Amino acid sequence: MSIARQLMLLLPTAIFWLGLDQWSKQWAADHMAGHPPTTYGGILTLVYSQNLGAWGSLGASWPQPLRWMLLSLMPALLLAGLAYQILRQPGKTRWDVLACALLLAGGLGNLIDRFRLGYVRDFLHLGYGPLGTNIFNVADMVLMVGLGILLAGHTRNR
């Protein structure tokens, strides 16, 4: 796939998911902050949270300079490297480009929150009984799907 075709797939995909992530976080902040959690079907719970850390609040209690370096600067550099690789190397499959678009959208979605607000807005929880996820957002889902596509492609190509 040429670089031009890669960009024609990557840009609209990344922009769509980044836009949906930012819209959903703003909606959650406007409609859920300060309200009790709401559960649907005993599985999905909407609960607004401002997460200073990473997944599961990992690093939330770290000193601010360390937290900024590991949770803002390092991911920004990794995303810049990913974008550089996409623009530099033609011949990627559609699945590779899709995975990269999702990784960029999810990563940028959470970085926008970190740089703009100093925390990431989370609001989704899946669980049943004692089993459940941490609170997460659309960017986290998009990151996980992108990573899953990359891993599936890696195992398929072996």
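The values are calculated or read from the model by the stated rules, or taken from the named source; none is laboratory data. If you're wondering where the values come from, they're calculated on a predicted model, not measured in any experiment. Counting neighbours? That spans all protein chains shown, and the Cβs are built from the backbone with ideal geometry, glycine included.
Values for this structure:
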| item | result |
| --- | --- |
| The lone exception for residue 106 - which of (1) within 17 Å of the chain's Cα centre (by Cα); (2) modelled with pLDDT under 95; (3) buried (at least 16 other Cβ atoms within 10 Å of the Cβ); (4) part of a helix (DSSP H, G or I) it fails | (2) |
| Odd one out for residue 86, checked against (1) assigned to a helix (DSSP H, G or I); (2) touching a Gly at 6+ places or on another chain (Cβ under 9 Å) | (2) |
| Hey, residue 78 within 24 Å of residue 101 (Cα to Cα), touching a residue at least 40 places away in the same chain (Cβ under 8 Å) and outside any strand (DSSP E or B) or not | no |
| Complete set of residues in the range 43-59 that are under 14 Å from residue 110 (Cβ atoms) and assigned to a loop (DSSP other than H, G, I, E, B) | 52, 53, 54, 58, 59 |
| Residue among 87, 78 that alone is among the aliphatic types (A, V, I, L, M), at pLDDT 90 or above, under 24 Å from residue 153 (Cβ atoms) and exposed (fewer than 13 other Cβ atoms within 10 Å of the Cβ) | 78 |
| Which numbered condition residue 61 misses (of (1) over 30 Å from residue 3 (Cβ atoms); (2) surrounded by fewer than 17 Cβ atoms within 10 Å (Cβ to Cβ); (3) in contact (Cβ under 8 Å) with a residue 12 or more places away in the chain; (4) of a type in the set (Gly, Ala, Ser)) | (3) |
| Filtered residue count, the range 16-42, keeping only those that are in a strand (DSSP E or B) and under 20 Å from residue 104 (Cβ atoms) | 0 |
| Residues (surrounded by 17 or more Cβ atoms within 10 Å (Cβ to Cβ) and either without any contact (Cβ under 8 Å) to a residue 60 or more places away in the chain or hydroxyl-bearing (Ser, Thr, Tyr) (or both)) located in the range 1-48 | 13, 24, 45, 48 |
| Residue tally, condition in contact (Cβ under 8 Å) with a residue 40 or more places away in the chain and in a strand (DSSP E or B), over the range 116-131 | 9 |
| Qualifying residue in the range 134-149 (condition: of a type outside the set (Lys, Arg) and assigned to a strand (DSSP E or B)) | yes |
| Cβ-Cβ under 9 Å pairs, at least 6 apart or on other chains, the range 141-154 side within 13 Å of residue 102 (Cβ to Cβ), far side outside any helix (DSSP H, G or I) and at pLDDT 95 or above | 141/124; 144/136 |
